[in-house]
Amino acid sequence: MIPLLEVRNLEVTYGEFAAVRGISFDIRDGDLLTIIGANGAGKSTTLRAVMGLLRPRSGQILFRGAEITREPAHLRARRGIRLVPEGRRILPDLSVEENLRLGAYTVPRPGDVADGIERAFTLFPRLKERARQAGKTLSGGEQQMLAIARALMSQPRLLLLDEVSLGLMPILVEQTFATIQALHRHGATILLVEQNARMALAIATRAYVLETGSITLSGTAADLAADPKVKQAYLGG
Amino acid sequence: MLFQQIANGIATGAVYALTTLGLTMVYGVLRVLHVAHAGIYALGAYVGLVAFRFLESFWLSLLVAMVVCAAAGILVERFLYTPLLHLPRIVPLIGSIGLFIAMEEAFRIVAGPYALAYETEIRFLSLGLGPLRLTAPQSLIFTVTMLLLGLLWLLLSRSTLGLAMRATAMDADTTATFGVDTRLIVSLTFAIGSALAGAAGVLIGVYDNQVWPTMGSIPAYKCLAIVVLGGLGNIPGSVLASFLIGLAETLLIGVVAIPFPRDALAFVAMILVLMFRPRGLLGKG
């Protein structure tokens, strides 16, 4: 079976600095894959390269068998890849509803867009209350809900989640991970990048450990959670 | 006298609004001060005049001028600004000033250094409200401006394309991740802004009954001052500032008769805004 996403020897540099140093991994339909690692390990860089926001120096990215390494971000989005970016990147002067409509830009039928907005409001009732408010007036937690809801508007084939728990209160972190787990149960394929290794390993099916731009460990999430090295470095002993 | 000057001010403000809108839209998507926009405005006047001589219809010539200016705007974006965007911001600005000078010289070489007569017989109803009466040409300018502003508002606030345009101006990278071809949106923004400037050029040509090579010189810097006054990249702010400056110019100089060069007024306003409210009248903090 062809993997949904296949990354081969991906190398991404910022000037002279190699942020990602030839990593390879793949995601199959229905996976909830997590890449854990410390701050600056290259996790966000990897996701941004998969989305097409960064040009890799070398390596290949294949989506459903088709090479997309040089394809611009908007064409990858049309293939069904969506990113919930680090820092959420809500469009500040668009209302909550307009942010959702933008998320549905590739959805052709107006009826499907309306259904999508209803689904988003069912998933996050809080957003319905704030539908007409400008994105910038939302709290951090609400912005995170909007960022996830916005990425789900087109019913993506692959959802890339970049540090979704960063800057959220513990209760909201729990809720966000519960949402991700629910999405996965409903069949979503997810690549989750996290500093919160404990939570990520608890819900993921497979996991990779990224250290200074290289993958050092990989396996099922349960195996990695039990690995002494992972325990010591990422799970606080 | 007073009402006549108000009418003049409204017509002047309307033309400023059409011209500055393109400038503010371009700044919104590329963060470039598009000085050559005034060259597009003069191009619109020339194209409108030529089209009018062939077609003998004001409305058709307006349409032709807008289409030609839209195309010119896309060329400027694709071949001047986009290749320079990765460089420090002074570079596209210098490129823009250079293009503007080149355009003025091109008009001089092609059409001659003198003003060309733009003789149209404007048959248009004369609008009025109480003692305020606009002449037929003023009514035409006001009506065309309001029509174009209305269409632009509908596009930006009511359509998916307009949503993508606003989103691209706020955060192009993020917008692209939802499937929006932001390069195409930037070109489209240039096309629309340039078409509006072309319309402004035609209207001024008709209003003044002439077209001349350096007709863009004063708008080139005055419109920058108006854009700063309204708040860089802020569309309603630009419209408001345009009408304020148009009215202030005609009222202060025409009615109060202060001994002050009319074209300097926009700069006084800009300096005051920069001193006391640097984000502009409607700009965001």
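Sequence-distant or interchain residues sharing an amide H contact under 5 Å with B:LEU281, placed H: which? Here B:GLY230, B:GLY231 satisfy the definition. With +1 assigned to the C-beta of every Lys and Arg and -1 to the C-beta of every Asp and Glu, and no other charges, what is the dipole magnitude of the range A:88-155 about the Cα centre in debye, to the nearest 20? For the range A:88-155, the charge dipole is close to 160 debye. Taken about its Cα centre, the range A:107-237 carries a charge dipole of roughly 280 debye when the Cβ of each Lys and Arg holds +1 and the Cβ of each Asp and Glu holds -1. Note that the range A:88-155 presents 45 Å² accessible area per residue, ligands and nucleic acids not counted, probe 1.4 Å. Its DSSP H runs of at least 4 residues, each contributing -39,500 (n - 2.57), put the calculated 222 nm mean residue ellipticity of the protein assembly as shown at -17500 deg cm²/dmol, to the nearest 500. Convex hull of alpha carbon positions in the protein assembly as shown: directionally averaged projected area 28.8 nm².
Note on chain B: with charges restricted to the Cβ of Lys and Arg (+1) and Asp and Glu (-1), its dipole about the Cα centre is near 520 debye.
Helix A:110-123 axis versus longest C-alpha principal axis of chain A: approximately 70°, rounded to the nearest ten.
Take the Cα pairs of the range A:88-155, get the Kirkwood Rh, then feed it into Stokes-Einstein at 25 °C and 0.890 mPa s and tell me D in µm²/s.
The Stokes-Einstein estimate is 215 µm²/s.
Computed extension length for B:ILE101-B:HIS86: 3.1 nm, one decimal, from 0.36 nm per residue of separation with the Cα-Cα distance subtracted. Amide hydrogen proximity for A:GLU211: with H placed 1.01 Å from N in the peptide plane, the residues at 5 or more positions away or on another chain lying under 5 Å are A:THR216.
As a fraction of the 1.4 Å probe accessible area of the protein assembly as shown, surface on carbon and sulfur atoms comes out at 62 percent. Largest to smallest in accessible area, the residues A:GLU129, B:GLU77, A:GLU16 fall in the order A:GLU16, A:GLU129, B:GLU77 (1.4 Å probe, all protein chains included).
For the range B:205-210, 3J(HN,Hα) computed residue by residue from phi via the Karplus equation (6.51, -1.76, 1.60; θ = phi - 60°) reads x, 5, 5, 8, 6, 7 Hz, glycine and proline entered as x.
What is the percent of Cα-Cα separations in chain A that go past 27 Å? Pairs farther apart than 27 Å: 33 percent. Taking every protein chain into account, the accessible area of the range B:238-283 amounts to 53 square angstrom per residue (probe 1.4 Å). Remark: the range B:9-19, residue by residue, has Karplus-estimated 3J(HN,Hα) of x, 5, 5, 4, x, 4, 5, 4, 4, 4, 6 Hz, where x stands for each Gly or Pro and the curve is 6.51 cos²θ - 1.76 cosθ + 1.60 at θ = phi - 60°. Couplings for the range B:92-109, taken from phi via the Karplus curve 6.51 cos²θ - 1.76 cosθ + 1.60 with θ = phi - 60°, read x, 5, 5, x, 5, 5, x, 4, 4, 4, 4, 5, 4, 5, 5, 4, 5, 5 Hz in order; Gly and Pro are left as x.
The values are calculated or read from the model by the stated rules, or taken from the named source; none is laboratory data. Just so we're clear, the structure is a prediction, and the values are computed from it rather than from any experiment. We place every Cβ from the backbone using ideal geometry, glycine too, and count neighbours over all the protein chains shown. Each accessible area value is taken on the protein alone, full model and side chains, heavy atoms only, with ligands, DNA and RNA left out. Shrake-Rupley method; radii C 1.70, N 1.55, O 1.52, S 1.80 Å.
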